[in-house]
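Chemist: Before I ask anything, here is the structure I am working with.
Just so you know, all these numbers are worked out from the coordinates, no wet-lab data involved. This one's a predicted model, so the numbers in the text were calculated from it and none came from an experiment. Glycine also receives a Cβ, built like all others from the backbone with ideal geometry; neighbour counts cover every protein chain displayed.
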Amino acid sequence: MTETHVLVTVTGPDHPGITARLTGLIAEAEAQLLDIEQVVVQGQLTLAFLLALKADRGLLKELLFAAKSLGVELDFAPVDPSAAVDQPGQRYVATAIGPRLGARELFQVSSALAAHGANIERIHRLSQGELGSVEIQLGLPTGQDPEPLKRALLELAMRGTFDVALQREGIFRRSKRLVVMDMDSTLIRIEVIDELARVAGVAEPVRAITERAMQGEMDYDESLRQRLKLLEGLDVAVLRRLAAELPLTEGAETMVRVLKRLGYRIAVISGGFSIAAEALKARLGLDYAYANTLEVKGGKLTGRVVGPIVNARRKAELLETIAQAEGVLLDQVIAVGDGANDLLMLERAGLGIAFHAKRKLREAADTSITAAGLDAILYLLGISARELREVSAEFAAAS
């Protein structure tokens, strides 16, 4: 007896029992269910399933009658059996994040995907209320280099008001376990050394050296020595007061709270100062804090560092050390930073995120965030706003 593949599509107001009623009829008819997808948008259901049917089409009549009684529309059409087979290719996820996404932004993203041969397989909203984040699951032809698409999406984000990140879809995207962050201008909104320089009356020369180092135009170790020399004689109490009131970056507390609740380990690895890093560790409940230890004599800064300088290479080494201590694969590590001295750390991690960074770092990182706060990282992990609310409620109940 010949077998026909039929695609059945159901649309209409969503309510409990629709899927159960229809799949029950399919089961009673002993028809083969080959594929199924269901989504609800603003209370409207779209349900599609692929059936393998024998010559007898009595099941389709039963499904039509059941759909009418359920208050939904049902349509069906024969399809080529080969269309039921998953198409070969590489799976990726593009995540768009912005204050408000609309048709123009999604047109730009989808056009870039189409121009690079990417086939959109599913679009899923992560945000609630206004359309602030969507996750686009897509496929690229086998063997195609994803870098041109990644660069195209980066250019799109750089000239727009939203971010869009491309990640390889797979088990490690959903099983991150460790987050390592820079401190100055990443976890906090300021550069601590610039604030100290302002008090010491050397703001301009220090800021100029900082900018050259962050742009990668000057060796970091030398830049730190030059800046600290300008701070020689500053009372350490100034640093302690500043460390007690560090302004957190937007979304920092939400990100830390949610990830800690989900069992993540979180570290700050900074080219800044240990007094500030330790204060943040205590304030946010971080698991690790590494930064430069300043030499203090007679309550004054000497302008020197005690021990090795936490530079780009040291940051990458510390990331690996923490991952090894926690028994975490590098593919399960997220690194977040904003400057040239974060590059090696971002490259070493499974997901390197350039946060409000200069173009050079954004181009080198796996992805970047510029239009949102640190809590946007949660969207990159596929965590929806609904799930965030659930975790926050559990946290509030436990505290």
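Chemist: If I take R0 = 41 Å and measure r between the Cβ atoms of residue 218 and residue 145 in this structure, what FRET efficiency does the formula 1/(1 + (r/R0)^6) give, to the nearest 0.05?
Modeler: 0.75
Chemist: May I ask which residue of 23, 70, 40 lies farthest towards the positive end of the charge dipole of the chain, with charges of +1 (Lys, Arg) and -1 (Asp, Glu) on Cβ and the Cα centre as origin?
Modeler: The residue sitting most towards the positive pole is 40.
Chemist: Separate question: According to a simple spin-label model (label point 7 Å from Cα along Cα-to-Cβ), what is the distance in nm between residue 204 and residue 225?
Modeler: Using points 7 Å along Cα→Cβ, the separation is 2.6 nm.
Chemist: In nm, what is the difference between 0.36 nm times the number of residues separating residue 244 and residue 171 and their Cα-Cα distance?
Modeler: 22.3 nm
Chemist: While we're here: Note down the magnitude of the dipole of the chain about its Cα centre, charges +1 on Lys and Arg C-beta and -1 on Asp and Glu C-beta and zero elsewhere, to the nearest 20 debye.
Modeler: 1000
Chemist: Just the number, please: percent antiparallel of the DSSP beta bridges in the chain, rounded to the nearest 5.
Modeler: 70
Chemist: Percent relative contact order of the chain, based on C-alpha pairs within less than 8 angstrom and at least six residues apart?
Modeler: Numbers: 727 pairs, mean separation 60.1, N = 399.
Relative contact order comes out at 15 percent.
Chemist: Let me ask something else. Quick one: dipole size for segment 178-365, taken about the Cα centre, charges +1 on Lys/Arg Cβ and -1 on Asp/Glu Cβ, in debye to the nearest 20.
Modeler: With only Lys, Arg, Asp and Glu charged at Cβ, the dipole is about 300 debye.
Chemist: What number results when the radius of gyration of segment 267-326, computed over Cα atoms, is divided by 2.2 N^0.38 Å?
Modeler: That works out to 1.19 for segment 267-326.
Chemist: With Cβ to Cβ distances under 14 Å as the rule, what net charge do the other residues near residue 302 carry (K, R +1; D, E -1)?
Modeler: So the surrounding residues net to +3.
Chemist: Give me the extension gain from residue 329 to residue 19: residue separation times 0.36 nm, minus the current Cα-Cα distance, reported in nm with one decimal.
Modeler: Additional length available on full extension: 107.6 nm.
Chemist: Using 18 Å as the cut-off for backbone N distance, which residues of segment 59-74 belong to the label zone defined by a point 7 Å from the Cα of residue 44 along Cα→Cβ?
Modeler: 71-74
Chemist: So if R0 is 35 Å, what FRET efficiency would residue 297 and residue 158 give, r being the distance between their Cβ atoms, rounded to the nearest 0.05?
Modeler: Working from the Cβ atoms, E equals 0.15.
Chemist: Another one. Filter 229/260; 300/360; 176/281 down to the pairs with a C-alpha to C-alpha distance above 29 Å, please.
Modeler: On the way: 229/260 38 Å; 300/360 37 Å; 176/281 21 Å.
Those over the limit are 229/260; 300/360.
Chemist: How big is the gap, in Å, between the Cα center of segment 16-31 and the Cα center of segment 267-311?
Modeler: Comparing the Cα centres of segment 16-31 and segment 267-311, I get a distance of 63 Å.
Chemist: What number comes out for the charge environment of residue 241, summing +1 per Lys or Arg and -1 per Asp or Glu over other residues with Cβ under 11 Å away?
Modeler: Within the 11 Å Cβ shell, the charges total -2.
Chemist: Between residue 121 and residue 360, what FRET efficiency comes out of the Förster formula 1/(1 + (r/R0)^6) with R0 = 35 Å and r the beta carbon distance, rounded to 0.05?
Modeler: So the FRET efficiency works out to roughly 0.60.
Chemist: Build a GNM of the chain with springs between Cα atoms under 10 Å: which of 94, 77, 385 gets the top mean-square fluctuation?
Modeler: Per the Cα network of the chain with a 10 Å cutoff, 77 tops the list.
Chemist: Looking at the chain as a GNM with Cα springs under 10 Å, which of 111, 133, 368 has the largest mean-square fluctuation?
Modeler: Result: 111 has the largest fluctuation of those listed.
Chemist: Can you give the extra length, in nm with one decimal, that the chain gains between residue 73 and residue 387 once fully stretched, where that is 0.36 nm per residue apart less the Cα-Cα distance?
Modeler: The span from residue 73 to residue 387 would gain 109.9 nm if fully extended.
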